[in-house]
Amino acid sequence: VIPVKFTYRLPATIEEASALLAGHAHAAVLAGGQSLIPSMTVRRTAPSMLVDIRKIGGLRGISKLPRKGGLRIGAATTLDEISGSPVVAATHEALAEAAGSVGDPQVRHRGTIGGALADGHPSGDLIAAAIALDATVNVSGPKGTRAIAAADLVTGPYATSLARGEIITSVDLPAAAARSGSAYLKIRHPGSGYAVCAVAAALTVGADGTVGSVRIAVTGAADAPVRLGAVEKAGVGKTVADAAAAAGKATTKAGLTYRSDLAASAEYRAHLASVLTERAVALAGERAGSA
Amino acid sequence: VVDGQTHGNIALGVGQALLEEVVYDADGRILTDSYGTYPIPRAMTLPNLETARTETPTKVNPIGAKGAGDVSNPPVAPAIVNAILDALADLGVRSVEMPATPERVWRAMNAGAAHAAKGAAGKGASAKVGARAAAAANGAAGKTAAGKPATRKAAARTGGSRS
């Protein structure tokens with residue numbers, strides 16, 4: 001049951017969509033509808049206008065970035081297309097795994113990467129992988145276009161740094177360096193499918209077998225998905241096995257305030273964050289070594 | 001029909017043993033009011049089931065029929081919980097509350113290990129027990145997320161022990 005009345009618009013261009021959103025106080029973007037519609041159903045949100053962006057061209061698909069290398073993923077690309085893409089899986093494993101871990105097949109066939117990121121869910125899967133892979137989120141709004149670092153996108157539970165009228169148009173993933181690898185490991189809630197806790201790790205391994213650089217993000221554990229800078233530092237310069245163990249231990253001192261709810265206590269989430277970090281770093285390192 | 005009833009009852013028992021719990025807040029409002037907060041077993045989280053039955057017609061009615069619905073439910077949850085306790089016996093775990101969620105199993109393992117360490121302290125074996133518990137707890141985090149290992153074991157037992 002969707003009890004609140006709303007108007008429906010189907011703009012043909014991104015500029016038109018932005019103008020509609022900017023000119024209306026309670027408008028929401030409709031893309032895959034897999035976060036918005038359930039949220040309207042339980043009345044967590046009650047937009048008075050839905051701006052359907054599915055007829056806007058050029059928002060869907062995965063392409064290679066011409067200049068710097070890397071990948072551009074259109075905002076309306078479905079999670080199923082991302083998890084099933086051999087191109088993404090070859091170089092950006094964590095993103096393919098995060099997309100494949102969302103909900104169920106029906107949700108993944110409709111849900112989009114742009115929608116998953118714009119939702120700002122505290123247990124969002126895609127955002128954690130995007131942070132670890134140093135992705136950039138491209139947006140278009142009334143004042144033109146801009147790029148937001150994935151780590152700066154989600155600012156709190158269901159809150160993002162997107163301004164009114166701004167729509168995510170694509171996500172850019174930097175080219176994977178030589179001997180790099182990534183992984184996304186998740187403990188799924190058996191009911192909702194959201195992460196009770198999940199960790200994304202991306203790293204490079206030098207010729208001497210030690211970890212050169214590492215990026216780690218955790219989701220589901222705290223109020224918002226977050227990058228673990230202090231944990232990353234603990235792993236640099238060590239062999240993959242030592243880096244994994246050190247990073248796992250360092251999560252306890254990462255200054256995170258773990259969430260406590262029906263799905264898990266803060267204490268158990270802290271345990272999961274530590275275990276998953278260790279495993280994600282180890283798996284990413286294994287992939288980097290064989291890349 | 002009988003096989004379908006049996007499959008359904010095993011699924012119910014799996015849910016009871018591993019997933020399902022009604023939680024209220026202090027004002028008596030139900031917090032587990034959707035399948036997102038009140039998980040039940042789904043086709044993708046259940047193992048394949050093998051069932052066997054023995055047919056012993058009753059003599060007290062003309063066609064020899066007996067009820068064959070709910071009778072397959074009662075053994076399921078005890079079989080699963082017994083399987084968990086059997087697996088954790090060497091950690092000194094004697095009981096775990098239902099539903100045996102990953103967090104409850106983890107807590108039981110920690111408490112069991114602490115208890116065992118206390119008991120063994122005089123014999124100098126506490127470090128060894130502690131290390132085993134830590135390694136096991138590590139494993140529990142990933143592998144029991146969907147309750148799969150315990151479910152498989154229990155389902156096999158349920159199928160095999162019916163006579």
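Among the residues of region A:187-203, those identified as away from every other protein chain (no Cβ under 14 Å) and open to solvent by less than 10 Å² (accessible area, probe 1.4 Å) are A:Ala200, A:Ala201, A:Leu203.
If you take the residues of region A:161-186 that are among the basic types (Lys, Arg) and away from every other protein chain (no Cβ under 14 Å), which of them is nearest to the chain's Cα centre (by Cα)? Please lay out each step first, then the result.
Residues of region A:161-186 that are among the basic types (Lys, Arg), as a first pass: A:164, A:179, A:186.
Of the ones still in play, those that are also away from every other protein chain (no Cβ under 14 Å) are A:164, A:179.
Details: A:Arg164: 21, A:Arg179: 23 Å.
Step by step, filter region A:161-186, then rank; the result is A:Arg164.
Taking A:Leu117 as the residue in question, decide whether it is away from chain B (no Cβ under 14 Å), under 23 Å from A:Arg67 (Cβ atoms), in contact with a strand residue (DSSP E or B) (Cβ under 8 Å, 6 or more places away or on another chain) and open to solvent by less than 20 Å² (accessible area, probe 1.4 Å).
no
When you scan region A:206-222, how many residues do you find that are among the hydrophobic types (A, V, I, L, M, F, W, C) and either open to solvent by 10 Å² or more (accessible area, probe 1.4 Å) or part of a loop (DSSP other than H, G, I, E, B) (or both)? Explain how you work it out, then say what you get.
Just the residues of region A:206-222 that are among the hydrophobic types (A, V, I, L, M, F, W, C), to begin with: A:207, A:211, A:214, A:216-218, A:221-222.
Still in the list and also either open to solvent by 10 Å² or more (accessible area, probe 1.4 Å) or part of a loop (DSSP other than H, G, I, E, B) (or both): A:207, A:214, A:221-222.
Of the residues in region A:206-222, 4 are among the hydrophobic types (A, V, I, L, M, F, W, C) and either open to solvent by 10 Å² or more (accessible area, probe 1.4 Å) or part of a loop (DSSP other than H, G, I, E, B) (or both).
On inspection, A:Ile168 qualifies as under 30 Å from A:Pro11 (Cα atoms) and touching a strand residue (DSSP E or B) at 6+ places or on another chain (Cβ under 6 Å).
Can you name the residue in region A:127-186 that is touching a Pro at 6+ places or on another chain (Cβ under 6 Å) and part of a loop (DSSP other than H, G, I, E, B) and, of all such residues, is least open to solvent (accessible area, probe 1.4 Å)? Break it down stepwise before answering.
Of the residues in region A:127-186, the ones touching a Pro at 6+ places or on another chain (Cβ under 6 Å) are A:127-128, A:134, A:154, A:157, A:165.
Filter once more, keeping what is part of a loop (DSSP other than H, G, I, E, B): A:134, A:157, A:165.
Working: A:Asp134: 75, A:Pro157: 71, A:Gly165: 6 Å².
Per the criteria, the residue is A:Gly165.
Does any residue of region B:102-109 turn out to be within 13 Å of chain A (Cβ to nearest Cβ), over 23 Å from A:Glu267 (Cβ atoms), open to solvent by 50 Å² or more (accessible area, probe 1.4 Å) and at pLDDT 90 or above? Among the residues of region B:102-109, not one is within 13 Å of chain A (Cβ to nearest Cβ), over 23 Å from A:Glu267 (Cβ atoms), open to solvent by 50 Å² or more (accessible area, probe 1.4 Å) and at pLDDT 90 or above, which makes the answer no. Restricted to region B:1-33, and to residues that are more than 21 Å from the chain's Cα centre (by Cα) and among the aliphatic types (A, V, I, L, M), which residue is most open to solvent (accessible area, probe 1.4 Å)? It comes out as B:Val1. When the residues of region A:53-88 are narrowed to those that are open to solvent by 70 Å² or more (accessible area, probe 1.4 Å) and assigned to a loop (DSSP other than H, G, I, E, B), which ends up nearest to A:Ala99 (Cα to Cα)? Looking at residues that are open to solvent by 70 Å² or more (accessible area, probe 1.4 Å) and assigned to a loop (DSSP other than H, G, I, E, B), I get A:Arg60.
Out of B:Leu91, B:Leu85, I need the residue that is touching a residue at least 40 places away in the same chain (Cβ under 8 Å) and of a type outside the set (Phe, Trp, Tyr). Which one? Steps first, please.
Values: B:Leu85 fails: touching a residue at least 40 places away in the same chain (Cβ under 8 Å).
Sole residue among the options that is touching a residue at least 40 places away in the same chain (Cβ under 8 Å) and of a type outside the set (Phe, Trp, Tyr): B:Leu91.
Could you list, in sequence order, all residues of region A:1-28 that are in a strand (DSSP E or B) and open to solvent by 50 Å² or more (accessible area, probe 1.4 Å)?
Filtering region A:1-28 for residues in a strand (DSSP E or B) gives A:7-9, A:27-28.
Matches in region A:1-28: A:Thr7, A:Tyr8, A:Arg9.
Looking at B:Ala68, is it away from chain A (no Cβ under 14 Å), closer than 22 Å to B:Tyr38 by Cα and either touching a Ser or Thr at 6+ places or on another chain (Cβ under 9 Å) or crowded, with 20+ Cβ neighbours inside 10 Å (or both)? No.
Does B:Pro47 satisfy being open to solvent by less than 70 Å² (accessible area, probe 1.4 Å), within 14 Å of another protein chain (Cβ to nearest Cβ) and touching a residue at least 12 places away in the same chain (Cβ under 8 Å)? If you could, list the steps in order and put the result at the bottom.
Details: open to solvent by less than 70 Å² (accessible area, probe 1.4 Å): yes; within 14 Å of another protein chain (Cβ to nearest Cβ): no; touching a residue at least 12 places away in the same chain (Cβ under 8 Å): yes.
In short, no.
The values are calculated or read from the model by the stated rules, or taken from the named source; none is laboratory data. Note that the coordinates shown come from a computational prediction; the quantities given were computed from them, not determined experimentally. Note that we place each Cβ from the backbone using ideal geometry, even for glycine, and neighbour counts take in every protein chain shown. When the accessible area is computed, the model is the full protein with side chains, heavy atoms only, and any ligands, DNA or RNA have been set aside. Shrake-Rupley method; radii C 1.70, N 1.55, O 1.52, S 1.80 Å.
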